[in-house]
Amino acid sequence: MSKTISVPIDQQAAYDLDYNIAKKEQLVEMELTDSEFNTLWNEGIFSMIDKIASCTIDEFEDEHITDFAVINEILNELKKSKADLRDLIKMFELAIAYKTSIHFYF
């Protein structure tokens, strides 16, 4: 099963994503391989995100984060990690830049 992290490019895209009608060009997406997912999982990245956002990111749940204060707090924590998280950091930066949200489809 595909593991995708999505950021809508604007408010219309966020609305369309909520109703599962968003077009590919309305989203910035990061596809994770099983290996990439497992690395992030084993590094505790998803646990850290879960703790800050009060959510549950795992292989069987879809989650989204819309609160900019929470997105920013997670971004700051990701930047402190010793793991190579450039792509994930970029997704959180885009959510802030676009003033939308970040969605995890696992």
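A few notes on this one:
- Calculated from backbone phi, Karplus (6.51, -1.76, 1.60) coupling profile of the range 80-88 in Hz, x at Gly/Pro: 7, 5, 7, 6, 7, 10, 3, 5, 5
- In the complete set of protein chains, residue-level accessible area for Y98 is approximately 80 Å², probe 1.4 angstrom.
- Cα extents for the chain along the principal axes, largest to smallest and rounded to whole angstrom: 35, 30, 23.
- With θ taken as phi - 60° and the Karplus curve 6.51 cos²θ - 1.76 cosθ + 1.60 applied, the whole-hertz 3J(HN,Hα) list for the range 59-76 is 5, 10, 10, 9, 9, 8, 10, 10, 6, 5, 5, 5, 4, 5, 5, 5, 4, 4 Hz, x standing for glycine and proline.
- Computed magnitude of the charge dipole of the chain (debye, nearest 20; Cβ of K, R +1, Cβ of D, E -1): 400 debye
- Area accessible to solvent at D16, 1.4 Å probe radius, in Å²: 20 Å²
- 222 nm mean residue ellipticity, helices alone, for the chain (DSSP H n ≥ 4; -39,500 (n - 2.57); rounded to 500): -14500 deg cm²/dmol
- Based on Cα atoms of the range 54-93, Rg over Rh with Rh as the Kirkwood radius reads 0.98.
The values are calculated or read from the model by the stated rules, or taken from the named source; none is laboratory data. Keep in mind that what you see is a predicted model, and the values were worked out from it rather than measured. Virtual Cβ from ideal backbone geometry, glycine too; neighbours counted across all protein chains shown. With ligands, DNA and RNA removed, areas are computed over all heavy atoms of the protein, side chains included. Shrake-Rupley method; radii C 1.70, N 1.55, O 1.52, S 1.80 Å.
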